[in-house]
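In what follows, a single structure is set out as structure tokens and then discussed.
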Protein chains: 2
Amino acid sequence: MTVTLADVAARARVSPATVSRVLNGNYPVAASTRERVLRAVDELDYVLNGPASSLAAATSDLVGVLVNDIADPFFGIMASAAQSAIGETATGRGGGEKLAVVCNTGGAPERELTYLTLLQRQRAAAVILMGGSLEDPAHLAATTAKLARLAEAGTRVVLCGRPPAPGDVPAAALVFDNRTGARRLTEHLLALGHRRIGYAAGPVDRTTTRHRLEGHREALAAAGVPEGPTVHGPYERASGQAATAELLARDPELTAIIASNDTVALGVCAALRERGLDIPGDVSVAGFDDLPLAQDTVPALTTVRLPLHETGVRAGRLATETEPTPSGEVETVPAELVVRGSTGVARRR
Amino acid sequence: MTVTLADVAARARVSPATVSRVLNGNYPVAASTRERVLRAVDELDYVLNGPASSLAAATSDLVGVLVNDIADPFFGIMASAAQSAIGETATGRGGGEKLAVVCNTGGAPERELTYLTLLQRQRAAAVILMGGSLEDPAHLAATTAKLARLAEAGTRVVLCGRPPAPGDVPAAALVFDNRTGARRLTEHLLALGHRRIGYAAGPVDRTTTRHRLEGHREALAAAGVPEGPTVHGPYERASGQAATAELLARDPELTAIIASNDTVALGVCAALRERGLDIPGDVSVAGFDDLPLAQDTVPALTTVRLPLHETGVRAGRLATETEPTPSGEVETVPAELVVRGSTGVARRR
DNA sequence: TTGAAAGCGTTACCAA
DNA sequence: TTGGTAACGCTTTCAA
């Protein structure tokens, strides 16, 4: 049979209540008693029953991290950063640690909702949504409603890389300034003399896609440069390859291609190489995420920290300079963090 | 207040037991009753209380996936594959889905144990351990003991990419044949005429590191070729760069470098490029994981499937041809899947 | 500082 | 096919 708290109590010759108090460390307990209890725990190899604990306490130490695509290194890095940040702040019940669990939505709206329900069911301590969100009004409404219920039930909600929750969901938000980032990226290419720039954009209905595209167009408009061809596709390597073929078909004179993210950028590079084109000798490529895989720079994003026990959210390098913002407020990560990935260089003529 | 099963029962004018039965779908319930219950659930926006359910049923629908480094695309792909395989077989209680959660151990033994305890505490339905394991006897014993307790408590244990559990832990295992893979990789390079091959190995005390190195040496010995320099380091891009510097310092005449995995291989490539060396013109590089990031081939590993509700484990392309093996038995993935990443080409002289 | 006991929301067994 | 009702193992007042 599995060992229960009562067994420990019996062995330590105290009441179950005392054992619970020792384990949670929230209550004063005599040192000698504590020691006796801990020894009993050890001797019996006792492991707290999570469900029972969560049921009684009406909360669990689960923290859900929803990502769009766990196979994408970008999300891997983000998830990893979040997970270690969560681990650091561990101070929960029954032995301490929070269980940070990453859930892969695959970008599918229904899976996002499913996972949110599952986490709601588990009475998760917190939920972090990472990456751009779908802009479909119906899905947005459903998500918002779900988040509202979660928050209502005591689950902390953190939005990371997507716009702050519509309505009045009490969520902390970590926002990447995609628009400014894209603008700077394009300005950079323009400054290098590029005038024919192709754009391998992300999926049509994503916030990240739209914001980045808007920033791109702003820069072009400001410089009076006509917009080049744009192709949409998922955030995958393969769509970078497909997009490149399409873009070059539409304008063989392209001197630069902007990719919707680094994974796509790698696909673009592969396609260019297949065609015998030199990078950046022949065509420049610019990405977004600044992955170590794509760049040699230390990835700024790996330093994103999400101290869930704070009332707000702090971001990356700013952590030491910025005070936590009150819950619900938004802190914007400087565009530099997003622009970092740029590798634009003029085409050889 | 939050809606409970009793509320639903009251609204549907049935007993709590009936509601439970409808929700779990394990018991026969009259169609009309079921409908009434489901409507009540909908109207009240009822969400099952996971902890309560898990407490009563003595099991949860949580499936833990432990990976060594979630920021490594290799594990991202593996986790993604596992997660979708788990989703497909979903048939659990209280609405169906299992909650696949990936836990990042960072390769740290104590975090591995911590997560296992956390999952044990949650009464997880299954636990999947992915990636090579530490060979330290103490840690191995601790892990084995922990896995034994988990299995004992009804948690299914799956080992993926690490040797089958020592002792008699009833675990399903999916084993990669690292030794044969490495042997083939080296044979390939030898066949291309390479005689001075450097080896950027993984961390010293990992099973994957040792097995791959052994295979490598087997091939060299069989061909009567002396072993080149070997450098150990973590499975990270940076260690590929460091290793390259060291390897070239030890033998500037190297014509090929084998990396411990694709992430490391990317670091090796970066370092070679920094030195103005052409790949594979000047130096060949060979990796292991066959990531799409590193190669253009479709990654065999993304097709790894882990049907947790089967008694055994099936692997990748074999799925249609192979019957599930009985629990506890081992099925070996053909070395081809591992060798795929090879990109060896003779050095220009 | 410690103990007693009342829940927490489901499940599952036993009747009906 | 449905209802009644003990568990399930822990947390948390309320007393002592």
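The values are calculated or read from the model by the stated rules, or taken from the named source; none is laboratory data. On a predicted model such as this, the values are computed, not experimentally measured, just so you know. Methodologically, a virtual Cβ is constructed for each residue, glycine included, from the backbone with ideal geometry; neighbour enumeration extends over all protein chains shown.
Among the residues of the range B:189-197, are any surrounded by fewer than 24 Cβ atoms within 10 Å (Cβ to Cβ), in a loop (DSSP other than H, G, I, E, B) and without any contact (Cβ under 8 Å) to a residue 12 or more places away in the chain? Within the range B:189-197, none of the residues are surrounded by fewer than 24 Cβ atoms within 10 Å (Cβ to Cβ), in a loop (DSSP other than H, G, I, E, B) and without any contact (Cβ under 8 Å) to a residue 12 or more places away in the chain.
Is it true that some residue in the range B:41-48 is in a helix (DSSP H, G or I) and within 11 Å of DNA strand C (Cβ to nearest atom)? Yes: the range B:41-48 contains one or more residues that are in a helix (DSSP H, G or I) and within 11 Å of DNA strand C (Cβ to nearest atom).
Filtered by the rule that a residue be in contact with a strand residue (DSSP E or B) (Cβ under 8 Å, 6 or more places away or on another chain) and under 18 Å from A:F74 (Cβ atoms), the range A:209-229 gives A:T209, A:R212.
The rows are residues; the columns are (1) more than 12 Å from chain A (Cβ to nearest Cβ); (2) out of contact with any Asp or Glu (no Cβ under 9 Å at 6 or more places or on another chain); (3) not aromatic (F, W, Y).
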residue	(1), (2), (3)
B:G106	no, no, yes
B:E110	no, yes, yes
B:L113	no, yes, yes
B:T117	no, no, yes
B:I128	yes, yes, yes
B:D136	yes, no, yes
B:H139	yes, no, yes
B:T143	yes, no, yes
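Which one is surrounded by the most Cβ atoms within 10 Å (Cβ to Cβ), of the residues in the range B:49-58 that are small (G, A, S) and within 7 Å of DNA strand C (Cβ to nearest atom)?
If we filter the range B:49-58 for residues that are small (G, A, S), which is where we start, we get B:50, B:52-54, B:56-58.
Still in the running and within 7 Å of DNA strand C (Cβ to nearest atom): B:52-53, B:56-57.
Working: B:A52: 18, B:S53: 23, B:A56: 13, B:A57: 15.
Selected residue: B:S53.
Per the conditions (1) in contact with a Lys or Arg (Cβ under 8 Å, 6 or more places away or on another chain); (2) within 14 Å of another protein chain (Cβ to nearest Cβ); (3) of a type in the set (G, A, S), the sole criterion not satisfied by A:A56 is (1). For A:L38, the criteria (1) touching a residue at least 12 places away in the same chain (Cβ under 8 Å); (2) closer than 30 Å to A:L134 by Cβ hold in every case but one, which is (2). On inspection, A:N68 fails the criterion of being more than 9 Å from DNA strand C (Cβ to nearest atom) and surrounded by fewer than 23 Cβ atoms within 10 Å (Cβ to Cβ).
Across the range B:107-159, which residue is farthest from B:V65 (Cα to Cα) among those that are among the hydroxyl-bearing types (S, T, Y) and in a helix (DSSP H, G or I)? If we take residues in the range B:107-159 being among the hydroxyl-bearing types (S, T, Y) and in a helix (DSSP H, G or I), then B:T144 is farthest from B:V65 (Cα to Cα). Scanning the range A:8-44 for residues that are within 12 Å of DNA strand D (Cβ to nearest atom), within 14 Å of another protein chain (Cβ to nearest Cβ) and either out of contact with any Lys or Arg (no Cβ under 7 Å at 6 or more places or on another chain) or aromatic (F, W, Y) (or both) yields A:L23, A:V41. Are any of the residues in the range A:112-124 touching a strand residue (DSSP E or B) at 6+ places or on another chain (Cβ under 6 Å), at pLDDT below 85 and buried (at least 18 other Cβ atoms within 10 Å of the Cβ)? Checked against the condition, which is being touching a strand residue (DSSP E or B) at 6+ places or on another chain (Cβ under 6 Å), at pLDDT below 85 and buried (at least 18 other Cβ atoms within 10 Å of the Cβ), the range A:112-124 yields no hits at all. The criterion of at least 3 residues that are modelled with pLDDT of 75 or more is met by the following strands (runs of 3 or more DSSP E) wholly inside the range B:215-311: B:230-232, B:256-259.
Residue selection: B:L62 fails the criterion of being within 11 Å of DNA strand C (Cβ to nearest atom) and not charged (D, E, K, R). Residues considered: B:T180, B:T155, B:T144. Of these, the only one that is hydroxyl-bearing (S, T, Y) and more than 30 Å from B:A58 (Cβ to Cβ) is B:T180. Among the residues of the range B:62-85, just one is in a loop (DSSP other than H, G, I, E, B) and more than 8 Å from chain A (Cβ to nearest Cβ), namely B:N68. Of all residues in the range B:13-27, those that are hydrophobic (A, V, I, L, M, F, W, C) have Cβ atoms under 7 Å from Cβ atoms of residues that are near DNA strand C (Cβ under 7 Å from one of its atoms) and assigned to a loop (DSSP other than H, G, I, E, B), 6 or more apart or on another chain, in B:L23/B:L48; B:L23/B:G94. Residues in the range B:1-40 that are more than 10 Å from DNA strand C (Cβ to nearest atom), at pLDDT 90 or above and in a loop (DSSP other than H, G, I, E, B): B:R13, B:V14.
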